[in-house]
Amino acid sequence: MLDKLLNLYRVYRPTIRGLIHVFLYKNLYKTIGNKIYIGEYTYIKNKKNIKFGNSVSVPSYCHIDPISLEVGNNTWLGVRSFICGVVKIGSDVAIGPGVSIPGASHKIKPCYIKIVDNELEILGTVIEDDVWIGSNVTIVDGVRIGRGAVIGAGSVVTKDVESYSIYAGVPAKKIGARN
């Protein structure tokens with residue numbers, strides 16, 4: 001009997017962790033929906049700046065430290081994803097492992113000012129509904145990824161992405177369309 005309970009716990013541990021997380025921290029978030037999945041060793045800072053929809057999956061080793069983050073319903077992040085700055089992610093979005101979304105950047109001023117002393121420039125990143133982002137993609141600040149777009153693995157997205165299009169490469173360029 002104990003073995004069966006332990007096996008059930010092992011299988012459902014992330015779901016149980018998500019339920020406990022919602023129960024304990026619900027008041028710390030701006031808003032948080034139901035059926036939240038939080039993996040082990042996930043770092044979530046500034047919860048008061050986060051809006052999670054229903055059925056959001058944040059797996060193990062993710063690092064989330066936003067100025068403002070909104071995540072729609074039925075969206076999942078990949079293992080080891082990184083999100084900071086100002087980011088808005090729509091519903092039904094699939095984000096692969098190792099994706100980096102730094103929703104801010106540093107202004108580059110003359111060389112007599114140290115890099116670390118440059119102020120932040122925050123444009124914000126928007127990922128619309130029904131988007132698939134492959135593994136190890138970097139999306140720079142100020143980019144909008146249109147509805148239904150696909151971003152190939154390992155790409156660096158530096159410009160806006162058209163809706164229902166397929167982009168890949170460094171820097172990412174349009175290679176096709178979803179018809």
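A quick yes/no check of all residues on (1) touching a Pro at 6+ places or on another chain (Cβ under 7 Å); (2) basic (K, R); (3) assigned to a loop (DSSP other than H, G, I, E, B):
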site	(1), (2), (3)
C111	no, no, yes
L123	no, no, yes
R147	no, yes, yes
G154	no, no, yes
I166	no, no, no
I175	no, no, no
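Do we find a residue being in a loop (DSSP other than H, G, I, E, B) and either closer than 20 Å to G152 by Cα or in contact with a Cys (Cβ under 6 Å, 6 or more places away or on another chain) (or both) anywhere in the range 64-76? Within the range 64-76, one or more residues are in a loop (DSSP other than H, G, I, E, B) and either closer than 20 Å to G152 by Cα or in contact with a Cys (Cβ under 6 Å, 6 or more places away or on another chain) (or both). For the range 148-175, a tally of residues being among the hydrophobic types (A, V, I, L, M, F, W, C) and under 18 Å from I89 (Cβ atoms) returns 6.
The single condition from (1) of a type in the set (G, A, S); (2) over 16 Å from N136 (Cα atoms); (3) at pLDDT 95 or above that A104 fails is (3). Taking first residues from the range 28-46 that are farther than 12 Å from L77 by Cβ and partners that are modelled with pLDDT of 85 or more and among the hydroxyl-bearing types (S, T, Y), the Cβ contacts under 7 Å between residues at least 6 apart in sequence or on separate chains come to K35/S55; E40/S60; Y41/S60; Y41/Y61. Among the residues of the range 87-102, count how many are in a strand (DSSP E or B) and crowded, with 19+ Cβ neighbours inside 10 Å. Summing the residues that are in a strand (DSSP E or B) and crowded, with 19+ Cβ neighbours inside 10 Å in the range 87-102 gives 4. When the residues of the range 103-119 are filtered to those that are farther than 17 Å from V58 by Cβ and touching a residue at least 24 places away in the same chain (Cβ under 8 Å), the one that is surrounded by the fewest Cβ atoms within 10 Å (Cβ to Cβ) is S105.
The values are calculated or read from the model by the stated rules, or taken from the named source; none is laboratory data. Because the structure is predicted, anything quoted here is derived from the model rather than measured. No Cβ is skipped: glycine too gets one built from the backbone with ideal geometry, and neighbour counts run over all protein chains shown.
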